[in-house]
1. Does the range 72-93 include one or more residues that are part of a helix (DSSP H, G or I) and either touching a strand residue (DSSP E or B) at 6+ places or on another chain (Cβ under 9 Å) or farther than 20 Å from residue 12 by Cβ (or both)?
2. For the range 184-198, indicate whether the set of residues that are surrounded by 14 or more Cβ atoms within 10 Å (Cβ to Cβ) and more than 14 Å from the ligand (Cβ to nearest atom) is non-empty.
3. Tell me the helices (runs of 4 or more DSSP H) entirely within the range 19-70 that contain at least 1 residues that are more than 19 Å from the chain's Cα centre (by Cα) and within 11 Å of the ligand (Cβ to nearest atom).
4. Cβ-Cβ under 6 Å, sequence separation 6+ or interchain: first residue in the range 195-212 and at negative phi, partner assigned to a loop (DSSP other than H, G, I, E, B) and within 15 Å of the ligand (Cβ to nearest atom). Which pairs?
5. Tally up the residues in the range 165-175 that are at positive phi and in a helix (DSSP H, G or I), please.
6. Being part of a loop (DSSP other than H, G, I, E, B) and away from the ligand (no atom under 16 Å from the Cβ) is the filter here; which residues of the range 199-219 pass it?
7. Can you find, within the range 2-45, the residue that is modelled with the lowest pLDDT among those that are surrounded by fewer than 22 Cβ atoms within 10 Å (Cβ to Cβ) and on the phi > 0 side of the Ramachandran plot?
8. If I go through the range 213-234 residue by residue, how many of them are surrounded by 14 or more Cβ atoms within 10 Å (Cβ to Cβ) and in contact with a helix residue (DSSP H, G or I) (Cβ under 8 Å, 6 or more places away or on another chain)?
Ligand code: C5P
């Protein structure tokens, strides 16, 4: 997808597949902008929680969508494309990475009006010279015409192990059993929802990273991307 002279490279896949890390590395490699669309859903989940919306049953989906439209957020990247993420001016980078907020994110993500509200916000990230868009529906919905689409996956066990390590690195103690069952539940919610379910785009390059190190996956992605961009004559 060429938008405002920018090239879009999409990376979709389930949580814990290594998408986030690889998307940031690709963005540094190409000097592109980075969209962490999961962070948008996480921010919305957190904002809905703070607004007390999850205390009501059934969830007021219009109110959540209204919140999505007015969400005051900032993504400020450093030179390694690590994002400082702010909600209403407050740094919430660590808070939104918790499993609890991940679960809230996947609950607001099933609401069609919410996904619609976040479409424009996501497309606005496509600025020159290019964008690496990381998520679940980047290649299937948000940037359907992107010239480079990658679908990154790994077995549930490999992903849960990585997630436990990542949380431990942040000083958060996590049990493998809990993480694995949360991850399987979230995968199911993401794959079985009727709107923008998690699935590879027909034209996506699929990589299973269960038994491949991150540097090798990065090389595979760069090789594929360069080839695609050359073919599309836009590199
Ligand atoms: O990628 P991350 O784990 O941060 O995403 C959190 C949740 O946000 C996902 O489980 C999914 O429900 C939702 N999401 C989505 N579409 C995206 C990105 C994330 O529905 N493009």
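1. no
2. No, the range 184-198 has no match at all.
3. By residue number, no helices (runs of 4 or more DSSP H) qualify.
4. Here the result reads 198/136; 206/200; 209/18; 209/154; 210/154, each pair linking the range 195-212 to a residue that is assigned to a loop (DSSP other than H, G, I, E, B) and within 15 Å of the ligand (Cβ to nearest atom).
5. Matching residues across the range 165-175 total 0.
6. 202, 203, 210, 211, 212, 213
7. Among residues in the range 2-45 that are surrounded by fewer than 22 Cβ atoms within 10 Å (Cβ to Cβ) and on the phi > 0 side of the Ramachandran plot, the one modelled with the lowest pLDDT is 4.
8. Of the residues in the range 213-234, 5 are surrounded by 14 or more Cβ atoms within 10 Å (Cβ to Cβ) and in contact with a helix residue (DSSP H, G or I) (Cβ under 8 Å, 6 or more places away or on another chain).
The values are calculated or read from the model by the stated rules, or taken from the named source; none is laboratory data. Computed from a predicted structure; not experimentally measured. A quick note on method: Cβ atoms are made from the backbone with ideal geometry, for glycine too, and the neighbour counts reach across all protein chains shown.
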